[in-house]
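> Before we start, here is the structure in question, set down as structure tokens.
Please treat every number below as a calculation from the coordinates, not as lab data. Here the structure is a predicted model, which means the values were calculated and not measured. Glycine also receives a Cβ, built like all others from the backbone with ideal geometry; neighbour counts cover every protein chain displayed.
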Amino acid sequence: MIHTRQVPISQLTSFQGEGYVSDVFVFDDAAEMAHYVAMHDACLILGKGSNTVFEPSDALSPIIQLSSQYKTPHFVGDTVHVGAGVGVNQLMSFSKETGFSGFEFMAGVPASVGGMIAMNFGCWGKEIVDMLVSVDVVLPDGTLVKKDVAELEFGYRFSSFQIEPWIVVSACFYGALKSPEEVKKDIFDNVNERVNSQPLRDKTFGSVFRNPPGLHAAQLLEDAGFKGYKKGRVMFSDQHANFMVNLGGATYSEVVALIQEARAAIVQSKGVHLMTEVVLVTL
Ligand SMILES: Cc1cc2nc3c(=O)[nH]c(=O)nc-3n(C[C@H](O)[C@H](O)[C@H](O)COP(=O)(O)OP(=O)(O)OC[C@H]3O[C@@H](n4cnc5c(N)ncnc54)[C@H](O)[C@@H]3O)c2cc1C
């Protein structure tokens, strides 16, 4: 386990906001993490931080992460087992090498397996739950249990992990086997598709708001004049209105203020209340 104090938020999240958090623990394996969880009342599980913005504070609960080297992707029979700290880049390397097909729709996103299960990551009509078989979970008392997908709830950008104090430590997925060349091409095409439609090279956390039923948050934001709208060091991307970009040195308060401004404008113009998709971590 590695314990680091006063960690810059820029190293923990893709948005790379300003400030520091006081304690980050990175565990080598699930048993080590389970032991820590059993001994501590409050802690915040973080994946790759691609959907998270922190309010800097010394009083935040310790942040815990699982090493990306814990259970790198490997076959168990026809299924693939992966640790929660493993990143999309590792999934892509594995898929390109082996021809395992299923993860390609995640290509280009700086997320972890645990974070994607917690958020039920999805795009282009696919969600991570569609290929999930089971999840190994740490309970607050440090017990490690396996949960089949049928024992868990999943919905649009929703999973049981948003309402239960459970931590994903690894997961089992099913997929298909294709030729590595075919998988490589699909990954390449998907990254291109994202680069053309999302500010992938910027400091961003992905979608700000969830899509309201039957509507698109990006369209609502665009119609209300927020595409490319900038305030201080934050901006709604001029490439995709539902992505917020850190122009350099952005603070938590600036993010929250811009979210509130957009939300109020859309309530007034359309009568729609937008719910955030990004996780705002505050005291
Ligand atoms: C350029 C870009 C493009 C994106 N495109 C998409 C997209 O197409 N579709 C989409 O759905 N999202 C997208 N996102 C958002 C983001 O990648 C997803 O929400 C992803 O699921 C977050 O994974 P993460 O590891 O970064 O999670 P984090 O930001 O680290 O955490 C997100 C939440 O999950 C919880 N969590 C993390 N790990 C665990 C765990 N092991 N056990 C339990 N809970 C955990 C955290 O506590 C937090 O509440 C995009 C983001 C970026 C930056």
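> Filter the trypsin sites (Lys or Arg not before Pro) in the stretch 178-223 down to the DSSP loop ones having no more than 12 other Cβ atoms within 10 Å, then list what survives.
On the way: sites: Lys178, Lys184, Lys185, Arg194, Arg201, Lys203, Arg210; in loops: Lys178, Arg201, Arg210.
Those satisfying the criteria are Arg201.
> Can you give the net charge of the other residues whose Cβ lies under 12 Å from the Cβ of Val149, counting K and R as +1 and D and E as -1?
Numbers: positive: Lys146, Lys147; negative: Glu127, Asp130, Asp148, Glu151, Glu153.
Once all neighbours under 12 Å are counted, the net charge is -3.
> With θ set to phi - 60° and the Karplus curve 6.51 cos²θ - 1.76 cosθ + 1.60, what are the ³J(HN,Hα) couplings of the stretch 53-70 in order, to the nearest whole Hz, using x for Gly and Pro?
So the J values, rounded to whole Hz, are 10, 9, 8, x, 6, 6, 8, 5, 4, x, 8, 10, 9, 9, 4, 6, 8, 6.
> Based solely on its DSSP helices, what 222 nm [θ] is calculated for the chain when runs of n ≥ 4 H residues each add -39,500 (n - 2.57) and the sum is averaged over all residues, nearest 500 deg cm²/dmol?
Working: 6 runs with 72 residues, N = 283.
That comes out to -8000 deg cm²/dmol.
> List the residues, sorted by chain then number, that are 5 or more residues from Phe205 or on another chain and whose placed amide H is less than 5 Å from its amide H.
When sequence neighbours closer than 5 places are left aside, the close amide H contacts are Met244.
> To continue, here is another question. Show me, for the stretch 241-250, the HN-Hα J-couplings you get by feeding each phi into the Karplus relation (A = 6.51, B = -1.76, C = 1.60, θ = phi - 60°), rounded to Hz, glycine and proline as x.
Coupling constants for the stretch 241-250: 4, 8, 10, 9, 10, 8, 7, x, x, 5 Hz.
> Quick one: which residues, 5+ away or cross-chain, put their amide H under 5 Å from the amide H of Val279? H built at 1.01 Å from N.
Long-range HN contacts for Val279: Thr52, Val53.
> Where the centroid of each part is defined by its Cα atoms, how far is the stretch 156-174 from the stretch 27-84 in Å?
Going from one Cα centre to the other spans 12 Å.
> Additional query: What whole-number distance in Å separates the alpha-carbon centres of the stretch 96-126 and the stretch 230-249?
25 Å
> Let me ask you something else. Using +1 on the beta carbon of Lys and Arg, -1 on that of Asp and Glu, and nothing else charged, what's the dipole of the chain about the Cα centre, debye to 20?
On the way: 21 positive and 31 negative charges, 151 e Å.
Result for the chain is approximately 720 debye, rounded to the nearest 20.
> What is the spin-label model distance, in nm, from Asp130 to Val267 if the labels are put 7 Å beyond Cα along the C-beta direction?
Inter-label distance under the simple model: 3.5 nm.
> If you don't mind, another one. Pairs Lys48/Lys126; Lys126/Lys231; Lys71/Lys230; Lys126/Lys147: which exceed 30 Å Cα-Cα?
On the way: Lys48/Lys126 21 Å; Lys126/Lys231 34 Å; Lys71/Lys230 42 Å; Lys126/Lys147 22 Å.
From Lys48/Lys126; Lys126/Lys231; Lys71/Lys230; Lys126/Lys147, over 30 Å: Lys126/Lys231; Lys71/Lys230.
> For the pair Leu283 and Thr4, what calculated FRET efficiency results from E = 1/(1 + (r/R0)^6), where r is the Cβ-Cβ distance and R0 = 25 Å, to the nearest 0.05?
Numbers: r = 20 Å, r/R0 = 0.82.
Calculated value: 0.75.
> What helices does the chain have that are whole DSSP H segments, at least 24 Å long along their own axis by Cα, and with mean Kyte-Doolittle hydropathy of 0.5 or more? Show your work: numbers first, answer last.
Values: long enough: 180-197 (26 Å, -1.27); 252-270 (27 Å, 0.38).
Helix filter hits for the chain: none.
> While we're on this one: List the residues whose amide H sits under 5 Å from the amide H of Leu66, counting only those 5 or more places along or on another chain, with H placed 1.01 Å from N in the peptide plane.
Phe27
> Among the lysines, select those whose C-alpha is under 19 Å from the C-alpha of Lys270, and discard any that sit fewer than 8 residues away in the same chain.
Lys227
> Calculate, in nm to one decimal, what Val256 and Lys185 gain on full extension: separation in residues at 0.36 nm each, minus their alpha carbon distance.
On the way: separation 71, 0.36 × 71 = 25.56 nm, distance 3.89 nm.
Length gained between Val256 and Lys185: 21.7 nm.
> Now, a different point. What does the charge count around Asp29 come to, taking other residues whose C-beta lies under 13 Å from its C-beta (Lys +1, Arg +1, Asp -1, Glu -1)?
Spelling it out: positives minus negatives among the neighbours equals -2.
> So, one more: Cβ under 14 Å from Glu97's Cβ, Glu97 left aside: what net charge do those residues give with Lys, Arg +1 and Asp, Glu -1? Before the final figure, lay out the partial values.
Numbers: positive: Lys96, Lys178, Lys184; negative: Glu104, Glu181, Glu182.
Value of the local net charge: 0.
> Give me a comma-separated list of calculated 3J(HN,Hα) values for the stretch 112-118, in order, Karplus coefficients 6.51, -1.76, 1.60 applied at θ = phi - 60°, integers in Hz, x for any Gly or Pro.
After applying 6.51 cos²θ - 1.76 cosθ + 1.60, I find 10, 4, x, x, 5, 5, 4 Hz.
> Which FRET efficiency, nearest 0.05, do His40 and Asp223 yield, Cβ-Cβ r, R0 30 Å?
Values: r = 46 Å, r/R0 = 1.53.
Efficiency, rounded to the nearest 0.05: 0.05.
> Still on this structure, I have one more. When the Cα centres of the stretch 196-224 and the stretch 136-151 are compared, how far apart do they sit, in Å?
33 Å
> Same structure again: What distance in nm separates the two pseudo spin-label positions at Ser93 and Leu247, each 7 Å out from Cα along the beta-carbon direction?
Computed distance between label sites Ser93 and Leu247 equals 3.7 nm.
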